[in-house]
1. So how much accessible area does K6 have, in Å² to the nearest 10, using a 1.4 Å probe?
2. Tell me, what HN-Hα J-couplings in whole Hz come from the Karplus equation 6.51 cos²θ - 1.76 cosθ + 1.60 at θ = phi - 60° for each residue of the range 125-130, using x for Gly and Pro?
3. Between T64 and T180, what FRET efficiency comes out of the Förster formula 1/(1 + (r/R0)^6) with R0 = 35 Å and r the beta carbon distance, rounded to 0.05?
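The values are calculated or read from the model by the stated rules, or taken from the named source; none is laboratory data. Just so it is clear, the model here is predicted, and its values are computed rather than measured. We place every Cβ from the backbone using ideal geometry, glycine too, and count neighbours over all the protein chains shown. Note: accessible area is taken over every heavy atom of the protein model, side chains too, but ligands, DNA and RNA are not part of it. Shrake-Rupley method; radii C 1.70, N 1.55, O 1.52, S 1.80 Å.
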Amino acid sequence: MVSLIKILILGCVTGFISALPTNILISEDIVSNKYPYSNRNIYLSIGALLSNIFLLLFFNTTITFLFNINKYIINYIFILLGIAINFFIFNYFTNKEFFHKETSKSNIKYLNAFISSIVRTTTNKFTIFIWFAGSIIYNYICKYISMNYIIIYYTGLICGISIWFIFLNILQIKNVYIITPTSIINIKNILLKFFFIISLLLIILGVYNLMI
């Protein structure tokens, strides 16, 4: 029981910490006060949360399936993912619109805000890379761990992301600017450096496992 509680707390903390980088665009919309004192921010948050749940389940199911088919497939995925991350980092610095496309900001209704949030979060490169790489690494490390522990961890992960959006909306309503659009830009740059390091580790790990 104590172990389950620890895993749940670990999932919550991980989800809260990873919520900003995995929802960088929607978080930026909320903290930039684009829709002050509006329920649109709540719809944006719900849409982003559902997208994260979908990507989490999709990538983990896919990676688990690939692990069970052929152990060599995952090593090729490591290498390809590492190359793909470097490709998108290069495009980010040479063509910002390729990495961060803006959607229409005028007359966004509640339903449109919800749908826009789902589409933007699901197609955001930051979100895709983090959940994809995270799913690979997590499955690689935890493939021998009980399914009950994994389910508890993912439940905590989702709770942590939910807490992040509640926290973000409270800050926006109270006009507390701990997180600003400028700080989010700095976080993006840090993430790109982090992605570059991860990409090198994935390529090295993939090549090493193929050679042994």
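1. Rounded to the nearest 10, that gives 140 Å².
2. Rounded to whole hertz, the list is 5, 4, 5, 4, 5, 5.
3. With a Förster radius of 35 Å, E is 0.35.
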